[in-house]
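The block underneath contains the structure these notes are about, expressed in structure tokens.
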Amino acid sequence: MRTLRHSIVLIAMLLVVPVVAGADPIAAGDVVKFSDLPGNTGGGEFKLTVNGNAADWFITFCLQKTEYMDFTSTFIVGSINNYTLTDPNGSFASGGRGGVGGQDPISSQTAWLYTQFRNGTLSGYDFNGTFAQRQASANALQHAFWGLEDEEALDANNYFVKLAKQYTPSDFGTGKVQVLNLFRYSSTAPGHIGAEAQDQLTIKTPEPSTLALLGTGLVGIFARRRRSSRA
């Protein structure tokens, strides 16, 4: 009985916790704005703030070179996926890295680099250096992302490209690393979704339905155990 009671408490905790540690506080339909951080490639580092809440922010990088964002406009999250929406204007490799049906999946190497960056463990990234040193790191990492996603020619001498190719595990999927499919906010368009904007990297927030399914499954397991023990 004690085991069952403790298990039910654990399940209840799972169901009420909306995110896991390290996940970004963002979902489809949220409104976001950007602030500039070190990096002068036209890409990141960017500080992304969610729904005007100064406490809800994270650092991101862009995945496309031929779509744009700025630091004065408001954007809306159309969807969160493991792919960018293929730029209708094309990209470096005539549509991107194997994009099909308007979807261009991100590479596991991009996901691995961003995971290391967000963990603060990315080798060679000058997290605590001068502004100029951090800017150089941001520039190199942004070019690595663009190269790995076929938005520009891959620079084999880029330190982060070499690092990703050497250390990304063969079974490393995109996992928690996801893509914000962004659009310009429009007060008149359906769903406020205007023109496509530059897609950005994020750490995925688990869907509530996933947690609910997990909880339901655990309840079933423990209920079956209890019946078996009574028998």
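Bear in mind these aren't lab numbers, they're just calculated from the coordinates by the rules spelled out. None of the values given here were measured: they were computed from a predicted structure. All Cβ positions, even for glycine, are placed from backbone atoms using ideal geometry, and neighbour counts span all protein chains on display.
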Enumeration of residues in the range 109-133 that are farther than 21 Å from Q198 by Cβ and not hydrophobic (A, V, I, L, M, F, W, C): Q116, N119, G120, T121, S123, G124, Y125, D126, N128, G129, T130, Q133
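Can you name every residue in the range 61-81 that is surrounded by 15 or more Cβ atoms within 10 Å (Cβ to Cβ) and out of contact with any Lys or Arg (no Cβ under 8 Å at 6 or more places or on another chain)? Break it down into steps so the answer makes sense when it comes.
At the first step, the residues of the range 61-81 found to be surrounded by 15 or more Cβ atoms within 10 Å (Cβ to Cβ) are 61-65, 67, 69, 74-81.
Residues satisfying the conditions are F61, C62, L63, Q64, K65, E67, M69, V77, G78, S79, N81.
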